[in-house]
Amino acid sequence: MGASSGIGRAVSRLLIERGYTVGVAARREERLAELRALAPERVFTARIDVTDTEAPALLRQLISSMGGMDLYFHASGIGKQNPELQEDTELKTLETNGVGFTRMVGEAFRYFAEQGHGHIAVISSIAGTKGLGAAPSYSATKALQNTYIQSLEQLAKIRHLRIRFTDIRPGFVDTELLGGDSYPLMLKTDDVARQALNAIDRHRHIQVIDWRWRIITACWRRIPRWLWRRLAIHS
């Protein structure tokens with residue numbers, strides 16, 4: 001989900017190169033055709049907008065056309081610095097990263113619960129570690145994603161379901177998502193995609209990418225709230 005650009009597109013290409021049957025979905029269907037051209041016999045496409053209430057049904061149709069699903073990879077999301085707190089930006093981010101994320105990951109969970117096994121992997125972000133003043137709705141929705149996956153992992157254990165989860169938390173990645181905003185220690189999309197698949201292969205529960213961001217976020221977690229709110233953290 002979210003295969004038309006950025007990390008989702010890079011991961012899709014790697015999976016196709018590995019010989020997997022892959023279903024690619026996004027709002028921009030014309031970009032999906034380019035992926036299908038790489039292996040028409042085992043790449044299936046669907047136009048799915050995660051903010052649409054019909055999206056779960058469309059996902060089920062895509063799964064059916066593929067003949068089943070073992071891995072659901074969610075890379076759909078938007079984000080933008082919004083220090084002026086423009087309402088439209090905040091609400092669109094919540095709708096995509098919050099409601100849309102919950103809608104699609106929840107449907108994948110229900111499918112795997114019926115099937116009896118599966119793996120859900122999501123691209124969240126290191127931005128969920130602490131509330132970032134420059135991007136309030138973005139960091140808040142990434143924290144939601146982190147907690148939602150943790151909750152589903154516990155729920156799967158409670159229900160004795162064989163569903164694996166991998167929460168992939170990159171630092172800031174040089175993709176269209178950032179919309180030209182400037183961020184420190186920018187990562188390359190292909191590098192993140194390779195590390196993401198490696199984390200999935202190794203059945204990692206949480207994977208922060210890369211080593212620099214693992215150090216930074218470990219330090220962030222130790223900063224008390226009274227000090228954090230005084231820090232001028234921005235791009």
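The values are calculated or read from the model by the stated rules, or taken from the named source; none is laboratory data. These figures come from a predicted structure and were not determined experimentally. Here the Cβ positions follow ideal geometry from the backbone for every residue, glycine too, while neighbour counts run over all protein chains shown. Each accessible area value is taken on the protein alone, full model and side chains, heavy atoms only, with ligands, DNA and RNA left out. Shrake-Rupley method; radii C 1.70, N 1.55, O 1.52, S 1.80 Å.
One table, with the values for the structure above:
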read-out: Probe 1.4 Å - accessible area at Tyr148, Å² to nearest ten; value: 60 Å²
read-out: Cross-link reach list, lysines versus Lys188, counting only Cα pairs under 24 Å and skipping chain neighbours closer than eight places; value: Lys80, Lys130, Lys142
read-out: Segment 1-56 - Kirkwood radius from inverse mean 1/r over Cα pairs (Å); value: 11.1 Å
read-out: Residue with peak Gaussian network fluctuation, the chain [Cα springs, cutoff 10 Å], from Leu185, Leu62, Leu71; value: Leu185
read-out: Residue-count net charge about Leu15 - beta-carbon cut-off 14 Å; Lys, Arg +1, Asp, Glu -1; value: +2
read-out: Cα shape, segment 70-168, gyration tensor, a/c 1.5 rule; value: prolate
read-out: FRET efficiency estimate (nearest 0.05) - Cβ-Cβ, Arg202 to Ile158, R0 22 angstrom; value: 0.35
read-out: Rounded to 10°, Cα long-axis angle of helix 211-221 versus longest principal axis of the chain; value: 60 degrees
read-out: Solution diffusion estimate, µm²/s, Stokes-Einstein, segment 112-235, Kirkwood Rh from C-alpha pairs, 25 °C, viscosity 0.890 mPa s; value: 157 µm²/s
read-out: Average accessible area per residue (Å²) across segment 78-235 - probe 1.4 Å, nucleic acids and ligands excluded; value: 53 Å²
read-out: CD proxy at 222 nm, helix term only [per DSSP H run n ≥ 4: -39500 (n - 2.57); per residue of the chain; nearest 500]; value: -14000 deg cm²/dmol
read-out: Max mean-square fluctuation residue, GNM over the chain, Cα-Cα springs under 10 Å, options Ile126, Ile223, Ile149; value: Ile223
read-out: 5 Å binning of all Cα-Cα separations within segment 1-120, expressed as whole percents from 0 upward; value: 2, 12, 21, 24, 19, 12, 6, 3, 2, 0
read-out: Where only C-alpha atoms are counted, convex hull volume of the chain per residue in Å³; value: 124 Å³
read-out: Choice from Thr89, Thr141, Thr53 showing the highest fluctuation, given a GNM over the chain with Cα pairs closer than 10 Å; value: Thr53
read-out: Cα long-axis angle, helix 6-17 against the chain (0 to 90 degrees, to the nearest 10); value: 30 degrees
